[in-house]
Amino acid sequence: MSEAPEVTTADHVVGRADAPVTVLEYGDYECPYCRGAARDVHRLLDLYPDTIRFVFRNFPIPQLHPHAEQAAEAAEAAGAQRKFWEMYDLLLRQASPLDLDSLLSYAERLGLDIGRFRNEVIGNVYKATIERDVQEGIRNGVNATPKFYVNGMRIDGKLPLEGLVDAVENAIAAVSPRPD
């Protein structure tokens, strides 16, 4: 039985904490559909900056994407140095390679402590954090990436963003004051 995900202080969140609409994604940095989804999520955030908060959780699928777990480690290691979203953006660019040398160059570009970053990524320091996201995703019915939830409601569809924009706009309409 799947349940609606709850946002916690452990989550990576962008947008106003009191935003009436929460879009939560379980994603894999090596998934081509997640890379496409990142563009659309940015568009939604740009269109509705005061209305949406976005939450990203790791859901690497190493059977399909051999660099996904290491990329998730890199994002978490960057997050430990307060640069999660900057690393998230670099990792999800269409042509971004995710091998260790590339991850180190992204960390350098972001001005991170490279020694610390390298040690954390190679040492799988965030393995438990990533595994917690994956287990939570499985409890919430995630079986592929990207998987989105809008105000706790899972968005299903053959295409990753099928229905996401409609669900966000419906959620916004539901929380917007109606003219008398």
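The values are calculated or read from the model by the stated rules, or taken from the named source; none is laboratory data. None of the values given here were measured: they were computed from a predicted structure. Virtual Cβ from ideal backbone geometry, glycine too; neighbours counted across all protein chains shown.
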**OP:** Check whether at least one residue in segment 142-161 is assigned to a strand (DSSP E or B), in contact with an Asp or Glu (Cβ under 6 Å, 6 or more places away or on another chain) and surrounded by 13 or more Cβ atoms within 10 Å (Cβ to Cβ), and report yes or no.
**Re:** yes
**OP:** Could you list all residues from segment 37-73 that are of a type in the set (A, V, I, L, M) and over 13 Å from the mean Cα position of the chain (by Cα)?
**Re:** Leu44, Leu45, Leu47, Ile52, Ile61, Leu64
**OP:** Give Tyr29, Tyr33 a once-over and let me know the one that is among the aromatic types (Phe, Trp, Tyr), closer than 18 Å to Ile138 by Cα and out of contact with any strand residue (DSSP E or B) (no Cβ under 7 Å at 6 or more places or on another chain).
**Re:** Tyr29
**OP:** Can you work out which of the residues in segment 26-36 that are among the hydroxyl-bearing types (Ser, Thr, Tyr) and buried (at least 22 other Cβ atoms within 10 Å of the Cβ) is nearest to the chain's Cα centre (by Cα)?
**Re:** Tyr26
Original post:
Which of the residues that make up segment 52-104 are part of a strand (DSSP E or B) and out of contact with any strand residue (DSSP E or B) (no Cβ under 7 Å at 6 or more places or on another chain)?
Top reply: Asn58
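Table: residues versus (1) in contact with a Phe, Trp or Tyr (Cβ under 8 Å, 6 or more places away or on another chain); (2) of a type in the set (Phe, Trp, Tyr); (3) over 22 Å from Asn140 (Cα atoms).
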{"position": "Asp18", "(1), (2), (3)": "no, no, yes"}
{"position": "Val41", "(1), (2), (3)": "yes, no, no"}
{"position": "Ile61", "(1), (2), (3)": "no, no, no"}
{"position": "His67", "(1), (2), (3)": "yes, no, yes"}
{"position": "Ala71", "(1), (2), (3)": "yes, no, yes"}
{"position": "Ala74", "(1), (2), (3)": "yes, no, yes"}
{"position": "Tyr88", "(1), (2), (3)": "yes, yes, yes"}
**OP:** Determine the pairs where a residue that is under 12 Å from Glu76 (Cα atoms) and in contact (Cβ under 8 Å) with a residue 40 or more places away in the chain, located within segment 112-132, has a partner that is among the β-branched types (Val, Ile, Thr) and surrounded by 14 or more Cβ atoms within 10 Å (Cβ to Cβ) with Cβ atoms under 9 Å apart, the partner being 6 or more residues away or on another chain.
**Re:** Asn124/Ile130
Subject >> Matching residues, segment 1-38, being more than 27 Å from Lys127 (Cα to Cα) and outside any loop (DSSP other than H, G, I, E, B) >> reply: Val21
Original post:
In the set Ala173, Ala128, Ala107, which member is modelled with pLDDT under 95 and either surrounded by 13 or more Cβ atoms within 10 Å (Cβ to Cβ) or assigned to a helix (DSSP H, G or I) (or both)?
Top reply: Ala173
Original post:
Do we have any residue at all in segment 2-10 that's under 12 Å from the mean Cα position of the chain (by Cα) and closer than 26 Å to Glu131 by Cα?
Top reply: no
**OP:** Return the only residue of Leu45, Leu91, Leu104 being farther than 26 Å from Thr8 by Cβ and either of a type in the set (Asp, Glu) or touching a residue at least 12 places away in the same chain (Cβ under 8 Å) (or both).
**Re:** Leu104
Original post:
In segment 78-123, what residues are in contact with a Lys or Arg (Cβ under 6 Å, 6 or more places away or on another chain) and of a type in the set (S, T, N, Q)?
Top reply: Gln94
**OP:** Have a look at Asp11, Asp18, Asp28 and point out the one that is over 20 Å from Ala74 (Cβ atoms) and among the acidic types (Asp, Glu).
**Re:** Asp18
